[in-house]
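Chemist: My questions will all concern the structure given below.
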Amino acid sequence: MFIINSPIEAIIEINPQIFLLKVFSPEIAKIIKPGQFLNIRVTERTQPLLRRPFSICDVEGEHISLLFNIMGEGTSMLAHKPIGSDLDILGPLGKGFNLDGDFETAIIVAGGLGAAPFPYLTRMLKGKKNIYSFIGGRTQNDIITYKLENVKEASDDGSRGFKGNVVHLLRDNAELFKQGKVKLFGCGPTAMLRVLKEFCIEKDIDCEVSTECAMACGFGICQGCPIESTNDQDHYLLVCKDGPVFNIKDVII
């Protein structure tokens, strides 16, 4: 884990109010894994005080990309950082996706900004597994397909792709589950992950999900990001330290 200042190389608006930020950070780029995250201090001022967690979107050589939308003062500051200025980064943090195993087909299921961790996962699996991406959003502006493979889209209002939620779209593509052993990788709003969990239990499909939670420290000291476990011996886990990636059967969403 590093605390390091990394220069900002680009900030690109890829969808309305959705930004891709690229930094030069060779120390972190060399060791970070898909599904891990960074905790970023957006300003030297005391307000906002706490760091913000961001999923790793992609890693290209010594360069790291983050994907985010403007949710408040902190992310607004981040979107307007000067190119060339330093970003105060803590990371890599958390546990990422498990890419080992004998699965032949990887199916990505994402809702809205839940697409953020999947370009890097796609990069690591490309050429090794079949990859399909099911991407959903409330409207066409919420659908993020940046650097994803074999994309199928769903929007709640029908403005783009399938009309309905992304798990319903997944159900309509049952033929993919006949392509050898399948593993799902999910990220998105809690309501979407609950429906995805029901689907995976019903179909007996292996699935890992990246969960979201407010995190103060990012590495387990503050105990501020509990998630309920299905294991009675470890009734609560911490999203920042034990996750953010969990097997979907191991946590109560």
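Chemist: Does residue 198 meet the test of being acidic (Asp, Glu), out of contact with any Ser or Thr (no Cβ under 6 Å at 6 or more places or on another chain) and assigned to a helix (DSSP H, G or I)?
Modeler: yes
Chemist: Right, next: When only residues in the range 20-40 that are within 17 Å of the chain's Cα centre (by Cα) and closer than 18 Å to residue 51 by Cβ count, which is most open to solvent (accessible area, probe 1.4 Å)?
Modeler: Per the criteria, the residue is 36.
Chemist: How about the range 157-195: which of its residues are of a type outside the set (Gly, Ala, Ser), touching a helix residue (DSSP H, G or I) at 6+ places or on another chain (Cβ under 9 Å) and closer than 15 Å to residue 106 by Cβ?
Modeler: Once the filter is applied, which keeps residues that are of a type outside the set (Gly, Ala, Ser), touching a helix residue (DSSP H, G or I) at 6+ places or on another chain (Cβ under 9 Å) and closer than 15 Å to residue 106 by Cβ, the range 157-195 yields 170, 176, 177, 182, 184, 185, 187.
Chemist: Those residues that are in contact with an Asp or Glu (Cβ under 7 Å, 6 or more places away or on another chain), assigned to a helix (DSSP H, G or I) and open to solvent by 10 Å² or more (accessible area, probe 1.4 Å), I need them from the range 117-141; list them, please.
Modeler: Answer for the range 117-141, where residues must be in contact with an Asp or Glu (Cβ under 7 Å, 6 or more places away or on another chain), assigned to a helix (DSSP H, G or I) and open to solvent by 10 Å² or more (accessible area, probe 1.4 Å): 120, 123.
Chemist: Another one. If you check 180, 114, which single one turns out to be small (Gly, Ala, Ser), assigned to a helix (DSSP H, G or I) and touching a residue at least 60 places away in the same chain (Cβ under 8 Å)?
Modeler: Selected residue: 114, the only one of 180, 114 that is small (Gly, Ala, Ser), assigned to a helix (DSSP H, G or I) and touching a residue at least 60 places away in the same chain (Cβ under 8 Å).
Chemist: For the range 1-70, which fully contained strands (runs of 3 or more DSSP E) count at least 2 residues that are touching a residue at least 40 places away in the same chain (Cβ under 8 Å), in contact with a strand residue (DSSP E or B) (Cβ under 7 Å, 6 or more places away or on another chain) and of a type in the set (A, V, I, L, M)?
Modeler: Output list reads 2-15, 18-24, 37-41, 63-69.
Chemist: Here is a follow-up. Residue 77 fails exactly one of the following numbered conditions: (1) more than 19 Å from the chain's Cα centre (by Cα); (2) under 23 Å from residue 15 (Cβ atoms); (3) part of a loop (DSSP other than H, G, I, E, B); (4) of a type outside the set (Asp, Glu). What is the number of that condition?
Modeler: Checking residue 77 against (1) more than 19 Å from the chain's Cα centre (by Cα); (2) under 23 Å from residue 15 (Cβ atoms); (3) part of a loop (DSSP other than H, G, I, E, B); (4) of a type outside the set (Asp, Glu), the one that fails is (3).
Chemist: Give the residues of the range 156-213 that are open to solvent by 30 Å² or more (accessible area, probe 1.4 Å) and among the acidic types (Asp, Glu), sorted by residue number.
Modeler: 156, 157, 172, 175, 198, 202, 204, 206, 212
Chemist: Across the range 232-253, what is the total count of residues that are in contact with a Gly (Cβ under 6 Å, 6 or more places away or on another chain) and loosely packed, with under 13 Cβ neighbours inside 10 Å?
Modeler: 0
Chemist: Test each condition in (1) touching a Gly at 6+ places or on another chain (Cβ under 9 Å); (2) of a type in the set (A, V, I, L, M); (3) open to solvent by 50 Å² or more (accessible area, probe 1.4 Å) for residue 90 and report the one that comes out false.
Modeler: Among (1) touching a Gly at 6+ places or on another chain (Cβ under 9 Å); (2) of a type in the set (A, V, I, L, M); (3) open to solvent by 50 Å² or more (accessible area, probe 1.4 Å), the lone unmet condition for residue 90 is (3).
The values are calculated or read from the model by the stated rules, or taken from the named source; none is laboratory data. These figures come from a predicted structure and were not determined experimentally. As a convention, Cβ positions derive from the backbone with ideal geometry for all residues, glycine included, and neighbour counts pool all protein chains shown. All accessible areas refer to the heavy atoms of the entire protein, side chains included, with ligands and DNA or RNA removed. Shrake-Rupley method; radii C 1.70, N 1.55, O 1.52, S 1.80 Å.
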